[in-house]
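K.L.:
Here it is, the structure in full.
The values are calculated or read from the model by the stated rules, or taken from the named source; none is laboratory data. Worth saying up front: this structure is predicted, and the values here are computed from it rather than measured. All Cβ positions, even for glycine, are placed from backbone atoms using ideal geometry, and neighbour counts span all protein chains on display.
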Amino acid sequence: MGLAAAAPFLVWRSARNWAAVQVRRLRNPRYLIATAVGAFYLWTVLFRRLFASGLSRPPALQGSWLVLVEAALIAMGMVMVLGGWVIPGRGAAPRFSQAEIHFFFAGPCSRRQVLHYKLLRTVGAAALSSAITALFFGRSLAASPAYLAIGFFFGFASVSLHLAGAALTREALSEHGRFGLLQRLATAAVALAFVGGLVAWALSRPLPPLPRELAAEPWVAYVREVLDSWPLRILLFPFRAPVRVMLARSGFEFLRALPGALAVLAANYAWAASSDRAFEEASLAASEDRARRMGALRAGRLPVRVSERGRRTWPKLAPAGRPELALAWKVVTTARRTANVALVPLLLGLGVPIAVVAYSIVRAQATGWGLGLAAICAGLAAVVAVIGPSVLRMDLRQDLANADLLRALPMSGRQIVEGELFGAAAVLAAAQWALWLLALASCAPYEVPGFPLSARIAVAAAAALLGPAVSSAALVVHNAGILALPGWFSSEVASTRGVEAMGQRLLTFAGGMLALAFGLAPAAAVGGVVFVLLGSWAGLGLYALPPAALAAVAVVGAEIWAALHGMGWLFEHLDITE
Amino acid sequence: MTEPTLDVHGLTKLYGDLVAVSEVSFSVAPGEVVGLVGPNGAGKTTMLRCLSGIIPPTRGEIRICGRDLRQSPAQAKAELAFLPDEPRLFDYLTAREHLNLTARLYGVPGWERRADALFEELELLDKQQKLPSELSRGMKQKLSIACGLLHDPKLILLDEPLTGLDPLAIRKMKRSISQRAEGGAAVLLSSHLLPLVEELCHRVLVISAGRMVAFGTIDEIRAQIGAAGTLEDLFVRITSAEGRE
């Protein structure tokens, strides 16, 4: 009786049924093809390397590099642990599914039993993550994939348990009303002071002198000496113990490192499990939040909380007029309310590296913050044009779950498709135009040899024409895909995991790119011909870019116009039960 | 005097400065069906979550079959079943495995016979090997009910139990609640369906803004507020008065 008897049953039967469902799905050709593609991809990037033999097998890290990897892994562990203490949030609370909460919290289980269950599952998840990580890095990082996997297991599990303990302690301290915030800040301050004090103490001890040469060897020796110096050797032990297991070079080293890693793991488990604090509320809130987010993702929506300011109605929708504009208005309003969530990772993840490259190219010729800002804006505009349509899924990809409602509207299929696409295309175009205007304004006061302001305006005008055309064409491809093959392009596929989902995403991505390239090829050819004619033969140079872009946009526009006809027909004939 | 199955004293739940439930005290005797009613946001679900041990109360005492929920949570919760409005099931356990899991959790001897009876009663016999994703909303709700009733609980906490059920299933569910009460189970039923509460419940507990504003039989509540009418009339009158205050 109790959780101890029920938990193994739950884990085993769930795993068995999950596997059975995956196998059963292979009867569907779509899943079979997707699984084959996903498996082929995994084989080529992962398993082939693992089973490769002889010279093709990358050598394990040796000597000096090993010290640097050890230092990096220790630093990574420290950052994760410190982050768990300093950055407050529900995310770190023990996470339970809604079913676990219902069956276990309301069931005949003590709080301690439930906590042990969750901690053991955390350890199990760490074992799985370790195995996957070892598959990726097993051959290149360590002497043995097994050592690496076991070391990663100790590392992942210790950090996860430590973070769970930190979350429980934080919850315990913050459960009393308005004093919670102060207590939370006080906890963070105490944790920081403790760690800072240790670091200060460590730094106050005489450290080995910094090497004067720039060669790798002296620096590697310096890092090794610092890691082995007193008292860092003791302070870093909890982080270093699992790393030593990972990077053991022989069976003897592995066995020698094992007790330390085990002790760290056991200490973290005991600490997390000893917490008798109320974690139920935080877990319940986290579970409900997760359910809300998953529900939103499955419905194709971004799981966002809209601020009071974001709820203001802007732009206003006129009470009468073309109905497709009402749909476009809905898309624009959605984009405005979700932009903070969707754009930040997009811009930071992809825009910044591109902008840095663009900035360094500009900087090679001239200096000035305005030019740097212009380069950043240009880079971001390019990202919005190319990646924007994939990331901002606020068109039919979001609304297909409501296809029955859309079909009941007094509009033709083409009108609905136009409304959905126009809104998304307008948002992406507006973002690009704003960025190009900012780029021009910020670089206008500067003289750039060989690139006068008028030429910059010509380039920006061409880009401001071409960018929205490319993003609109990409939107058409994505939306045509979901209308033609809804099962392949649905939001559910985008949010699920597994070999077959990976295969589907690979296929849809490749198919989309191919269709886009095919669709843009005529426009590129026409634009290229116009540019050569006007730029070289008529001697307009860069000033031929806007008319060339205009010609290309005309071709893309004609293609989109034709595609919208077909998409309208597809929407009207869509099997909404699929 | 018979010991109440559920005995609540001064139940209070705070979320920071927000008072979700405030100083609620009441009891439910064996065989008694008590209705829990209140407007949206009154604190009904929070109260049921506290009573079922899902979240700890800030203050107050909850005793289930004489056992303190805070001191002996596992023993106290072994006597209760909480049936939420939304069925919460494990994605990859079949219907029968859900009952198997419940049997292991509660230690139900001869669970298979009881499971067969429940599957038959709830018309789930042909759905035993289905996963939740293969069941309709109503079927999932029935499965959740079956899980709750498998261990023959002495206290049944129901949060909008009829959501998603078809008329036939609603009739069966009502009969099932009455039968279990006649068999000695105490039932606390939260619902916005006031005719259902009036039909099934011996006493009614009305809460508004987390406070208990009326408790007793419908006649007693009529006498308390000095008004006649159905439970719906009384509810509107009580909660409107509360709102004005």
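K.L.:
Just to be sure before I move on: is B:Ala228 assigned to a helix (DSSP H, G or I) and of a type in the set (Gly, Ala, Ser) in the structure I sent?
P.N.:
no
K.L.:
Let me ask something additional. Among A:Ala552, A:Ala523, A:Ala548, which is the only one that is crowded, with 19+ Cβ neighbours inside 10 Å and in contact with a Phe, Trp or Tyr (Cβ under 8 Å, 6 or more places away or on another chain)? Give the derivation first.
P.N.:
Details: A:Ala552 fails: in contact with a Phe, Trp or Tyr (Cβ under 8 Å, 6 or more places away or on another chain); A:Ala523 fails: in contact with a Phe, Trp or Tyr (Cβ under 8 Å, 6 or more places away or on another chain).
Exactly one of A:Ala552, A:Ala523, A:Ala548 is crowded, with 19+ Cβ neighbours inside 10 Å and in contact with a Phe, Trp or Tyr (Cβ under 8 Å, 6 or more places away or on another chain), namely A:Ala548.
K.L.:
Restricting the search to the stretch B:8-25, which residues are away from chain A (no Cβ under 14 Å) and surrounded by fewer than 19 Cβ atoms within 10 Å (Cβ to Cβ)?
P.N.:
Those that are away from chain A (no Cβ under 14 Å) and surrounded by fewer than 19 Cβ atoms within 10 Å (Cβ to Cβ): B:His9, B:Gly10, B:Glu23, B:Ser25.
K.L.:
Please verify whether A:Ala143 is at pLDDT below 85 and surrounded by 17 or more Cβ atoms within 10 Å (Cβ to Cβ), treating the condition exactly as stated.
P.N.:
yes
K.L.:
So which pairs qualify, if the first residue must be in the stretch A:1-19 and without any contact (Cβ under 8 Å) to a residue 24 or more places away in the chain and within 8 Å of another protein chain (Cβ to nearest Cβ), the second must be surrounded by fewer than 16 Cβ atoms within 10 Å (Cβ to Cβ) and not small (Gly, Ala, Ser), the Cβ gap must be under 9 Å, and the two must be at least 6 apart or on different chains?
P.N.:
Close Cβ pairs satisfying both conditions: A:Ser14/B:Asp91; A:Asn17/B:Asp91; A:Trp18/B:Asp91.
K.L.:
Give the stretch A:1-42 a look and list any residue that's among the charged types (D, E, K, R), over 17 Å from B:Glu97 (Cβ atoms) and in a helix (DSSP H, G or I), or say none.
P.N.:
Listed by number, the residues that qualify are A:Arg25, A:Arg30.
K.L.:
Residue by residue through the stretch B:30-61, note down the ones that are outside any loop (DSSP other than H, G, I, E, B), over 11 Å from B:Val8 (Cβ atoms) and within 10 Å of chain A (Cβ to nearest Cβ).
P.N.:
Of everything in the stretch B:30-61, those that are outside any loop (DSSP other than H, G, I, E, B), over 11 Å from B:Val8 (Cβ atoms) and within 10 Å of chain A (Cβ to nearest Cβ) turn out to be B:Leu48, B:Arg49.
K.L.:
If only one of B:Leu150, B:Leu143, B:Leu189 is buried (at least 20 other Cβ atoms within 10 Å of the Cβ) and under 13 Å from the mean Cα position of the chain (by Cα), which one is it?
P.N.:
Going through B:Leu150, B:Leu143, B:Leu189 in turn, just one is buried (at least 20 other Cβ atoms within 10 Å of the Cβ) and under 13 Å from the mean Cα position of the chain (by Cα): B:Leu189.
K.L.:
Which residue pairs have Cβ atoms under 9 Å apart, sit 6 or more places apart or on different chains, and have a first residue in the stretch B:183-195 that is in contact (Cβ under 8 Å) with a residue 24 or more places away in the chain and a second that is assigned to a loop (DSSP other than H, G, I, E, B) and among the aliphatic types (A, V, I, L, M)?
P.N.:
B:Ala186/B:Ala29; B:Ser191/B:Leu162; B:Leu193/B:Leu162
K.L.:
Residues that are closer than 22 Å to A:Ala4 by Cβ and more than 12 Å from chain A (Cβ to nearest Cβ): which helices (runs of 4 or more DSSP H) entirely in the stretch B:62-171 hold 2 or more of them?
P.N.:
Correct list: B:111-121.
K.L.:
Taking B:Leu11, is it farther than 22 Å from B:Arg180 by Cα, part of a strand (DSSP E or B) and modelled with pLDDT of 90 or more?
P.N.:
Answer is yes for this residue.
K.L.:
Need the failing condition index for A:Gly535 against (1) within 20 Å of A:Leu475 (Cβ to Cβ); (2) part of a helix (DSSP H, G or I), just the number.
P.N.:
With respect to (1) within 20 Å of A:Leu475 (Cβ to Cβ); (2) part of a helix (DSSP H, G or I), A:Gly535 is out only on (1).
K.L.:
Residue check: is B:Asp91 surrounded by fewer than 22 Cβ atoms within 10 Å (Cβ to Cβ), in contact with a strand residue (DSSP E or B) (Cβ under 8 Å, 6 or more places away or on another chain) and closer than 24 Å to B:Glu160 by Cα?
P.N.:
It is false that B:Asp91 is surrounded by fewer than 22 Cβ atoms within 10 Å (Cβ to Cβ), in contact with a strand residue (DSSP E or B) (Cβ under 8 Å, 6 or more places away or on another chain) and closer than 24 Å to B:Glu160 by Cα.
K.L.:
With the checklist (1) under 11 Å from B:Gly210 (Cβ atoms); (2) touching a strand residue (DSSP E or B) at 6+ places or on another chain (Cβ under 7 Å) in hand, flag the one item B:Tyr15 doesn't pass.
P.N.:
The number of the failed condition is (2).
K.L.:
Can you tell me which residue among B:Glu198, B:Glu182, B:Glu232, B:Glu220 is more than 15 Å from the chain's Cα centre (by Cα), over 28 Å from B:Leu101 (Cβ atoms) and either surrounded by 18 or more Cβ atoms within 10 Å (Cβ to Cβ) or at pLDDT below 85 (or both)?
P.N.:
Exactly one residue qualifies, and that residue is B:Glu232.
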